[in-house]
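**Q** I have a structure I would like to understand better, so I am pasting it below and will then ask my questions one at a time.
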């Protein structure tokens, strides 16, 4: 059993496949193993005395019970996986919104601190898109994030408000910055901790294998008909396993969280910077 756990644990290579490739692989492998199982096991079952004690109705009842247990376990697992994906997408949207709010709040800073802090925030957003996101898609946590965050933090904490209005602005900026930090660390946690545990993978795979294997015990004289019945049971199991696999890691695989919210915020920040630059260079009337 220890060897089986070690074999299942490094199953991360399938996240490099597209959704179609992964679906074809999972369904194809399970269908092939099912047909091989029928070819190898069914003749031995027919030659044994099993059907003298149990008819197809009894075996079909056992099969129905096994499929019901699998449906409950796999269904709950699929719901949990989808919930993790939705939560990760929510964390990304909250961080992008926090960036936009903080950029707006920094507009209350005097020059040149306003431009310095906003440039640091733009640099952080570009870092998320161009550096962190490709690493997320490989399941790797970035190592240089703290340096980028500290650059923005230094610009913010260096401001010393001199008036009551500036104190209000500084308090709002610090609040928005803390919201950004919280969203950032939630995203890091989603990258690291949302994968299904190996033990749950083992349970789901073994339940599916047991349900399919029970089809081998049926007495069907035609090999083609027996294989067809087995494939009809195996196909839904394969599709559920495919959905769990493709959604397991929110930032990897065919179904993943997009970096689009950051890109939209970055475009708006750059547009605001361009517009304000034009207004500053426009001669006074």
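None of the figures in this text is laboratory data; all of them are computed from the coordinates on show. Model, not experiment: these values are computed from the prediction. Glycine gets a Cβ as well: all are built from the backbone with ideal geometry, and neighbour counts include every protein chain shown.
**Q** Just grab the label-to-label distance for residue 58 and residue 198, each label 7 Å out from Cα along the Cβ direction, in nm (one decimal).
**A** 3.9
**Q** So, one more: How large is the Rg to Rh ratio of the stretch 93-250 when both quantities use alpha carbon positions and Rh follows Kirkwood?
**A** Ratio value, two decimals: 1.33.
**Q** What FRET efficiency, computed as 1/(1 + (r/R0)^6) with R0 = 22 Å and r the Cβ-Cβ distance, is obtained for residue 160 and residue 111, rounded to the nearest 0.05?
**A** 0.90
**Q** Can you sort 93, 64 so the residue with the fewest Cβ neighbours within 10 Å comes first? Walk me through the intermediate numbers first.
**A** Numbers: 93 15, 64 12.
Taking fewest neighbouring Cβ atoms as first place, the list is 64, 93.
**Q** Can you give the Kirkwood hydrodynamic radius of the stretch 101-193 from its Cα pairs, in Å with one decimal?
**A** By the Kirkwood definition, the hydrodynamic radius is 14.0 Å.
**Q** In percent, what relative contact order does the chain have, based on Cα pairs under 8 Å that are 6 or more apart in sequence?
**A** 42
**Q** Right, something else. If you fit an axis through the alpha-carbon atoms of helix 223-247 and take the longest principal axis of the Cα set of the chain, what angle between them do you get, 0 to 90°, nearest 10?
**A** Helix 223-247 sits at roughly 20 degrees to that axis.
**Q** Can I ask one more? Among 56, 84, 256, determine the one that fluctuates most according to a GNM of the chain built with springs between C-alpha atoms less than 10 Å apart.
**A** The residue that fluctuates most here is 56.
**Q** Could you please rank 184, 53, placing first whichever residue has the fewest other Cβ atoms within 10 Å of its Cβ? If you can, show how the numbers build up before the last one.
**A** On the way: 184 20, 53 8.
Listed from fewest to most nearby Cβ atoms, that is 53, 184.
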